[in-house]
Amino acid sequence: MNTMLTTDKVHDEARQGEAFQPFANDPNQYKKHFYIESYGCAMNFADSEVVASILNGAGFGATRNLEEANLILLNTCSIREKAEQTVRKRLTEFRKIKERTPGMLIGMLGCMAERLKAQLLEQEKLVDLVVGPDAYRSLPALIEEAESGQKAVNVLLSRDETYGDIAPIRLDSNGISAFVSIMRGCNNMCSFCVVPFTRGRERSRDAHSIIQEVQALCDKGYKEVTLLGQNVDSYYWIDEQKDETVTFAALLEKVALISPDLRVRFSTSHPKDITDEVLFTMAKYENICKYIHLPVQSGSSRILQLMNRTYTREWYMAKVDRIRELLPDCGISSDIIAGFCTETEEDHQETLSIMQYSGYDMSYMFFYSERPGTLAARRYEDDIPEEVKKRRLQEIVDLQGELSRQSNLKDLGKTFKVLVEGNSRKSESDWMGRNSQNKVIVFPKKDLNEDLKGTYVMVKVTDCTKTTLRGEREL
Ligand code: SAH
Ligand code: SF4
Ligand code: F3S
């Protein structure tokens, strides 16, 4: 596949292992072609599909063959310094291709484009186009400008752009799961985070257009949608015609009602915003997956306050208790940052103990990377030495390995409903799918000709590693 998640995030079996279907559009119908690579969070991957739709409208078909491309696009991430370095490395490779391909254009999209703006064109002369996350509608005009040798930049952020009316062209789709963006931007201002600066103010997408998009996916045979936003629980949209307010819980219910055969997931939940109403809705519908990504960031109330997360250690633990009470079989995962400004060994121990308390099935773990312009960069010194950050991160990673192993051991002997996504990465004689809790389950094919892709099967867990469950299909 030509897209990738940030390299410092743990890759999982599904995204890497699947043999993806060709693009949904027929590239041969276009005279010009674009090649796109996406980095960063799922929102960026979803945006690339909006970009593909806009570019189709401008006469560009998608290609995976770099040599065939008239336009190379990188949809970039700024979340950590390493994410930006990865993109810069890739850009140098693309520039070599450009040198031997007359007329080829290279464009930078996404969060790094927004953060670095015209600097990329003027000082560094790295790209021909710079387009921020709210300016994709202007891509066709900007491409024309760049073709005529002008500087093509649009990094204006918007208060209302949601691309709600644009039907995304699915790129690298397995034909089973799709991302559906329900909101953009973020108002939270966590002090370490660059997203509010690169993505702008929070705004929610028209609920009707979300429902329409999910219905269309369902009609095409998709079996799973993930509703996306930086903070989905603060989704809020007013239907003026019906005089109805749509909260996230209400949206979730509307999406779940589209088809009992369509699994519904969502990401990400900010612990301060996830409500009982959302948990009740999850409990009410079997097809809303019992899995919550609930990033804690740190287990120390003092650090949480410096991070501007607006909850304490105790408040977070009470939220975990509530989830366990209302949804006893719910999977919980987290994001954790090691070595934030002023973090002491005691603070770090509190992170380890809240991980134990929460019993995460999985976590994305990072060491703190100062981002220019953020509140933390302006207010606090990045004072934890790199070797201390790395050692603490390693302790966090080791503990998570142990927690994941324990969580998987608890599943031995249980039977789960699994949505089959395709062949296992390691062996064509095994299927790979996920249960409602988002755990990867691998099980042997009965014969190599059976086609279970996109179907639900019951699988009894017989064995596990810390990342994967193995099982046998129950008939
Ligand atoms: N909106 C989501 C997270 C978006 S960014 C939320 O609020 O949970 C994904 C993760 O990257 C964050 O949860 C955080 O753990 C990590 N992250 C963000 N900024 C970072 C930084 N400056 N250094 C290290 N990790 C960071
Ligand atoms: Fe960043 Fe916080 Fe917004 Fe998540 S909620 S995107 S961590 S500011
Ligand atoms: Fe990265 Fe932007 Fe997402 S900074 S994590 S791509 S919102």
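The values are calculated or read from the model by the stated rules, or taken from the named source; none is laboratory data. Remember, predicted model here, so these are calculated numbers, not experimental data. FYI the Cβ positions are ideal-geometry reconstructions off the backbone, even for glycines, and counts take in every protein chain you see. When the accessible area is computed, the model is the full protein with side chains, heavy atoms only, and any ligands, DNA or RNA have been set aside. Shrake-Rupley method; radii C 1.70, N 1.55, O 1.52, S 1.80 Å.
A few remarks follow.
- Test for Tyr360: is it within 16 Å of ligand 3 (Cβ to nearest atom) and not hydrophobic (A, V, I, L, M, F, W, C): no
- Any hit, region 16-39, residues being within 16 Å of ligand 1 (Cβ to nearest atom), at pLDDT 80 or above and over 25 Å from Asn423 (Cβ atoms): yes
- The single condition among (1) of a type outside the set (Gly, Ala, Ser); (2) closer than 19 Å to Thr465 by Cβ; (3) in a strand (DSSP E or B) that Leu419 does not satisfy is (2).
- Taken together, Ile336, Ile332 contain a single residue that is within 15 Å of ligand 2 (Cβ to nearest atom) and assigned to a strand (DSSP E or B), which is Ile336.
- From the list Asn435, Asn408, Asn449, the lone residue that is without any contact (Cβ under 8 Å) to a residue 60 or more places away in the chain and open to solvent by less than 30 Å² (accessible area, probe 1.4 Å) is Asn435.
- Residue within region 287-294 that is part of a loop (DSSP other than H, G, I, E, B), open to solvent by less than 60 Å² (accessible area, probe 1.4 Å) and within 30 Å of Ala377 (Cα to Cα) present: yes
- Residues located in region 99-132, provided they are polar (S, T, N, Q) and either touching a Ser or Thr at 6+ places or on another chain (Cβ under 9 Å) or assigned to a loop (DSSP other than H, G, I, E, B) (or both): Thr101, Gln123
- Within region 222-248, the set of residues being in a loop (DSSP other than H, G, I, E, B) and closer than 20 Å to Lys272 by Cβ comprises Gly229, Gln230, Asn231, Tyr235.
- Filter result (basic (Lys, Arg) and either open to solvent by less than 10 Å² (accessible area, probe 1.4 Å) or under 26 Å from Gly454 (Cβ atoms) (or both)) within region 243-277: Lys254, Arg263, Arg265
- Sole exception among (1) more than 24 Å from Phe192 (Cβ to Cβ); (2) part of a helix (DSSP H, G or I); (3) touching a residue at least 60 places away in the same chain (Cβ under 8 Å) for Glu67, by number: (3)
- Hits in region 47-60 (condition: open to solvent by 10 Å² or more (accessible area, probe 1.4 Å) and within 16 Å of ligand 3 (Cβ to nearest atom)): Glu49, Val50
- Glu213 being out of contact with any Lys or Arg (no Cβ under 8 Å at 6 or more places or on another chain), in a helix (DSSP H, G or I), without any contact (Cβ under 8 Å) to a residue 60 or more places away in the chain and surrounded by 17 or more Cβ atoms within 10 Å (Cβ to Cβ): yes
Residues are listed down the side, and each one gets a yes or a no for (1) surrounded by 15 or more Cβ atoms within 10 Å (Cβ to Cβ); (2) modelled with pLDDT of 95 or more; (3) touching a Cys at 6+ places or on another chain (Cβ under 7 Å):
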residue: Glu124; (1), (2), (3): no, no, no
residue: Val155; (1), (2), (3): yes, yes, no
residue: Asp160; (1), (2), (3): no, yes, no
residue: Ile166; (1), (2), (3): yes, yes, no
residue: Ser191; (1), (2), (3): yes, yes, no
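- Filter pass, Ser369 being more than 16 Å from ligand 2 (Cβ to nearest atom), open to solvent by less than 60 Å² (accessible area, probe 1.4 Å) and among the hydroxyl-bearing types (Ser, Thr, Tyr): no
- Total residues in region 193-202, condition more than 8 Å from ligand 2 (Cβ to nearest atom), buried (at least 21 other Cβ atoms within 10 Å of the Cβ) and not in a loop (DSSP other than H, G, I, E, B): 1
- Flag if Tyr360 is in the same structural domain as Ile396 (by TED's automatic domain parsing) and either assigned to a loop (DSSP other than H, G, I, E, B) or crowded, with 20+ Cβ neighbours inside 10 Å (or both): yes
- Residues of region 64-76 that are farther than 15 Å from Val131 by Cβ and buried (at least 22 other Cβ atoms within 10 Å of the Cβ): Ala69 alone.
- Hits in region 109-165 (condition: in contact with a helix residue (DSSP H, G or I) (Cβ under 9 Å, 6 or more places away or on another chain), under 24 Å from Ile182 (Cβ atoms) and acidic (Asp, Glu)): Glu114, Asp134, Glu161, Asp165
- Top-ranked residue in region 374-405 [being away from ligand 1 (no atom under 11 Å from the Cβ) and assigned to a loop (DSSP other than H, G, I, E, B); ranked as most open to solvent (accessible area, probe 1.4 Å)]: Glu381
- Every test in (1) within 16 Å of ligand 2 (Cβ to nearest atom); (2) touching a strand residue (DSSP E or B) at 6+ places or on another chain (Cβ under 9 Å) is passed by His270 save one, and that test is (2).
- Residues satisfying the stated conditions in region 137-153, i.e. under 19 Å from Ala69 (Cβ atoms) and open to solvent by 90 Å² or more (accessible area, probe 1.4 Å): Glu144, Glu147
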